[in-house]
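Below is one structure, written out as C-alpha cells; comments come after it.
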C-alpha cells in the first residue's frame, strides 16, 4: 500500500489510471488544468486537449459509446459550454463509464463568476460526488466509474480550487489489469435521442436517481462522525474540513454524494437534534433540499453565500473566538496582476488606449489589458463573447462610434468559441474590427497547446490551423498580420482597420515570452541613460514590471530604470521613449 502526497488534481489523474480509463479529454481552465497534464504521464491513456469543453465531452461520450472508460475535465464555467451534450447524455446513459470533473472556483481566484456546479448535476439529473481531500478525489473517482456503469449514467465529480491545488497524503491503489473491451455496438434506441426514444429514457433517469439515493444511504462515502451529541452538522466537500476544525466536538453527517441526496440517512441524522446546521460553500444546494424534506435547518442565514469558506470566516459567522493570525500575515505588499515583462499584448493595448477604442474583451492573459495604466478594455463576459459583443454594439451605434469598436480575442479563445462570432459578424455585415492576439499558446492557464500552435498535448507536431485562411474562408476580405513589437506599424494598422466600413481582422503574432517551444528570440536586456531621461514617465504607461521609477533628490525629478533580471529586450519601451533614453545592454 504505497503512500504519497498528491494534489487533488494529481489524485484525479491517478484515479483515471487506476480505474482503467482509456480516453481523457479537456480544455484547460484553472483550477482543473493539471488533471489532464498529469494524466498524460500514464501512457495507456489517450489524453488530448480539445478546442473547447463541449468538444471534450463529446469526445468522452464517443469513447464511452465504444465501451471504454472516459474522463473529461473542465472548470466550472466550462460546464456552461458542455451543458448541451451533458443534458442529453443523462438520458442516453453510457456503455463504458464516463466521469466529468468540474472544478469550481469560490472566491473567483481566476474566474469571471462564482457559479456552483452542483446546480448542473441537479438540472441535468446527473449524480455528483464532492470529495473533501486528495484521498477522496482518488477513491470517489474510482468508485464513480464503477457506479457509472452499474447505474448506466454519467457521473460528475465536483472539485474546488482548494481541493484541486491542496496536497495531502494519499494511499495509492492497484490499477486494473484488464481494460474494458471496446467495439461498435448498435443500440439506436439508447443513443439516438429522437423524441420517441427520449420519452422512453426520461422515466429511466428518474428511477435511476431514486435507486442511487437509496444505494447511497448505505455507502461509506456518506458517514456520520459522532461527537458530543450537542450540535448536528450536515456538510460536504472542502466545507467538511472547515466544519471539522471549527466544531471539533460536533456530530457531523459528512456527505460524499451530493446528488442525489441520501434522504433516509439525512432524516435519521436530523431526528437527533433540535438545531441542525448545514455548512456548505457557495449556494444553499443541500440546505434547500433538506428544507424541502420538511427538516428545519440553519444555513445561509449564518454561513456566507459569497466567496470561499475558511475556518476564520466560519468562526466569524458563528460568533466564535478567532485564532491568532500567523506571524507576518499582515502587512504584505500587494501584488496586482500584470502582464509579464515582454508580453506581446502590451503594445497592442497601449495602441488601443491611444486610439481611444472601445474594446470588447475576452478571457485570457490579455484580459489584464483592463488594468491601469493600459486601461484599454471595456467589457469581458465569457469565452468568445468579445466578437458577438462588438457585433451587437455596432448594430445600435452611429457610424462615427461604430468605428471605435474593437474586439480582442486570443488565438486559443478564438478557436474555442470565437469562430462562430466572426462568422456572424461577416454574415450580418458588422463594420467592427477584430484583433486576434496570437501568442502561439493558451497562455493564462499555463501555456498549453491548441489547434493553432501545431503541437499536441504530447508535444508531437500536428496540423497547424491557418488563422489568416480561416478568417478569409468566413468571408473577411481584409485580414492583416503584424508583429506587436513593432509599435508604429501595429498602431497604424489598427487605425486603418478601425476606419474600414466592413468587418476586418488584425492578427498580432508574437510568441508568449514563456512559451515552451523553441521559437523565441534571445534578446539582451535594455537600460536607461539617466542623463537622457526627462522624467516624462511615458514608459511607465506601459505597465511593464521590468521598468521601475527612481525618485529624485533635490532638484532632480527622478528617472526610469530597468530591472535587467526581468527585462526580455522586447524594445517596446525604447519605441515609446521620445528622448532616446533607452539602450541595449552590450
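All of the numbers you see were taken from the coordinates with simple rules; none came from a lab. Every value quoted in this text rests on a predicted model; they were computed, and no experiment measured them. Cβ: placed from backbone, ideal geometry, glycine included. Neighbour counts: every protein chain shown.
Tabulated results
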| read-out | value |
| --- | --- |
| Sorted largest first, extent of the chain alpha carbons per principal axis (Å) | 78, 63, 51 |
| Least to most buried among 565, 383 (fewest other Cβ within 10 Å first) | 565, 383 |
| Rg ratio (alpha-carbon, reference 2.2 N^0.38 Å) - the stretch 48-166 | 0.98 |
| Label-point gap, in nm, between residue 319 and residue 561 - each point 7 angstrom along Cα→Cβ | 5.5 nm |
| Dmax and Rg, reported as Rg then Dmax, of the stretch 517-586 (C-alpha, Å) | 12.6, 49 |
| Gain on full stretching of the segment that runs from residue 463 to residue 532 - 0.36 nm per residue minus C-alpha separation | 19.9 nm |
| Packing-based exposure ordering (other Cβ within 10 Å, fewest first) of 247, 370 | 370, 247 |
| Packing-based exposure ordering (other Cβ within 10 Å, fewest first) of 220, 159, 394 | 220, 394, 159 |
| Linear extension gain, residue 483 paired with residue 586, 0.36 nm per residue minus alpha-carbon span | 34.6 nm |
| FRET efficiency, 1/(1 + (r/R0)^6) with R0 60 Å, evaluated for residue 356 and residue 2 via beta carbons | 0.45 |
| Taking only Cα atoms of the stretch 223-317, radius of gyration then Dmax in Å | 12.0, 33 |
| Residue 492 paired with residue 553, simple spin-label distance in nm, labels 7 Å along Cα-to-beta-carbon | 4.5 nm |
| Inter-probe distance in nm under a simple model that places probes 7 Å from Cα toward Cβ, at residue 177 and residue 398 | 8.0 nm |
| Over 16 Å [Cα-Cα, the stretch 420-533], rounded percent | 68 percent |
| Inter-centroid distance (Cα atoms) of the stretch 515-586 relative to the stretch 214-252, Å | 57 Å |
| For the stretch 345-509, the spread of Cα positions along each principal axis, largest first, Å | 49, 36, 29 |
| Share of pairwise Cα separations in the stretch 150-205, more than 12 Å, in percent | 82 percent |
| Semi-axes of the equivalent ellipsoid for the stretch 3-216, Cα gyration tensor, largest first, Å | 25, 19, 16 |
| Cα-only Debye scattering, the stretch 47-100: base-10 log of I(q)/I(0) at q = 0.19, 0.23, 0.25 Å⁻¹ | -0.56, -0.82, -0.96 |
| Between the stretch 115-182 and the stretch 32-106, the Cα center-to-center distance that results, in Å | 12 Å |
